[in-house]
Amino acid sequence: MQRFMHKLHLNGIFIIIKFQKMKHIVFYAILLACVTFAGCELGNEDETVLENYEAKDFIDEFSVVQKRTLNTSNLPDTVITSKGSKFIIQPGTFTKNGNPITGDFAVEIKEIHQRSEIIFNLTNTNHVSGKPLLSDGFFHINATQNGENLDKTLANPVRVEMKTNTDRGYSQLWQAAGEAGNDDDSFAWEQEQDGTDNKQNFLEGQGVFMFDIGKLGWFNCDIYWEDTAPKTTVTVNIGGMTGSIASLLQDKGGLYVFFCAKGDNVVAQFYSKSGPNSIKSYDDSMPIGKEGKIFVVMFHKGKFYYGMLNITISADMSVTVNVSENTKDFIQQQIAALDNFN
């Protein structure tokens, strides 16, 4: 939800005072003082709200969650997202504390395909090994009843037919590694454990990957990016500020350092602190010769910081990105522009 500073415009009161008789001046002066005091109080309240704006607020404001209410008596049913992906839900799929649910329940899906969507959700395409992944699209799925989360493990699998723009005939299925609030773990992907065949079927002529999931959470269709290219480590020296590196799903910290690959759906996030104002990629993970942007953004007590640098990855690369305070709207525009970085 966007937050705005509210200001009271008092010109009308000044005009009234100007044209009233002298005996009314005292009354309007008192009224003016009261309104001015109220306006100051309102401003202070909004300033407090802005001071509390952090990374999770940014996600709430700019990411998109699609929600649909279903009823157990109407299953099987299919949830179709705005991007055309299908989630086919069978009877008896959802439970609460191990017991099958009945009646209305809600399915919430956040579907991510473009580089801007990856960053608006402050996620990435990192593998737990440190290798960047090339994403064919990913999503988060959750289910609730009466505002409470249902069991993460599903009694019956959900069939997913996820839309993709790739012409490659296969992808691999990954799941988010770890849970939010787990120490200072960073967001990354690991091999999905429930499927017997990690390579997903590509439905020719329909442009979708088809697979089953056995639990709720984050899932990603990816392959390794430039897996055979020689690799190096990239160090980013941040000029102008410092901050706490963001952890898994924005549970801690507000400093984000991304590498966005030119022409490829790759958003690698740098997590490893290498000095007081330096952050590096995973060791020997970045392919030499590839072009991209280093994109730095930070949220701290209602202030927004941004820096960007175009690079071509070279051996043992070390660059400096100057970061300065900017507006939320400007940062939003810069993130959106990444979709045209080809």
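So what is the relative contact order of segment 283-342, in percent, for Cα pairs below 8 Å that sit 6 or more residues apart?
Relative contact order for segment 283-342 comes out at 30 percent.
What FRET efficiency, computed as 1/(1 + (r/R0)^6) with R0 = 45 Å and r the Cβ-Cβ distance, is obtained for N99 and N165, rounded to the nearest 0.05? Don't jump to the answer; show the numbers that get you there.
Working: r = 41 Å, r/R0 = 0.90.
After rounding to 0.05, the efficiency reads 0.65.
If you filter segment 253-340 for trypsin sites (Lys or Arg not before Pro), then keep DSSP loop positions with at most 10 other Cβ within 10 Å, what is left?
Details: sites: K262, K273, K280, K290, K293, K301, K303, K328; in loops: K262, K290, K301.
Listed in order of number, the matching sites are K301.
Between E291 and N326, take the C-beta separation as r, use R0 = 30 Å, and let me know the FRET efficiency to the nearest 0.05. Walk me through the intermediate numbers first.
Numbers: r = 24 Å, r/R0 = 0.81.
Given R0 = 30 Å and the Cβ-Cβ separation, E is 0.80.
Could you sort out which of K231/K262; K110/K215; K83/K293; K231/K280; K86/K215; K110/K231 sit more than 21 Å apart by Cα distance in this structure?
K83/K293; K110/K231
To the nearest 0.05, what FRET efficiency results for Q206 and K303 with a Förster distance of 51 Å applied to their C-beta separation?
Numbers: r = 46 Å, r/R0 = 0.90.
It comes to 0.65.
Between K262 and A336, what is 0.36 nm times their sequence separation minus the Cα-Cα distance? Round to one decimal in nm.
My answer for the length gained is 25.2 nm.
At 0.36 nm per residue, minus the direct Cα-Cα distance, what do N156 and N52 gain on full extension? Give it in nm, one decimal, please.
Values: separation 104, 0.36 × 104 = 37.44 nm, distance 4.09 nm.
Using 0.36 nm per residue and subtracting the Cα-Cα distance, I get 33.3 nm.
Mind running the shape call on segment 86-137? Use the C-alpha gyration tensor, a ≥ b ≥ c as the square roots of the eigenvalues: rounded below 1.5 for a/c, prolate if a/b tops b/c, oblate otherwise.
prolate
Tell me, what ³J(HN,Hα) does each residue in segment 142-154 have, in order and in whole Hz, if you take phi through Karplus 6.51 cos²θ - 1.76 cosθ + 1.60 with θ = phi - 60° and put x for Gly and Pro?
9, 9, 9, 9, 6, x, 10, 5, 7, 4, 5, 7, 8
Tell me the label-point distance for the pair Q191, S129, using the 7 Å Cα-to-Cβ offset, in nm and rounded to one decimal.
Going by the 7 Å Cα→Cβ label model, 0.9 nm.
Read the figures in this text as sums done on the coordinates, not as results from a lab. If you're wondering where the values come from, they're calculated on a predicted model, not measured in any experiment. As a convention, Cβ positions derive from the backbone with ideal geometry for all residues, glycine included, and neighbour counts pool all protein chains shown.
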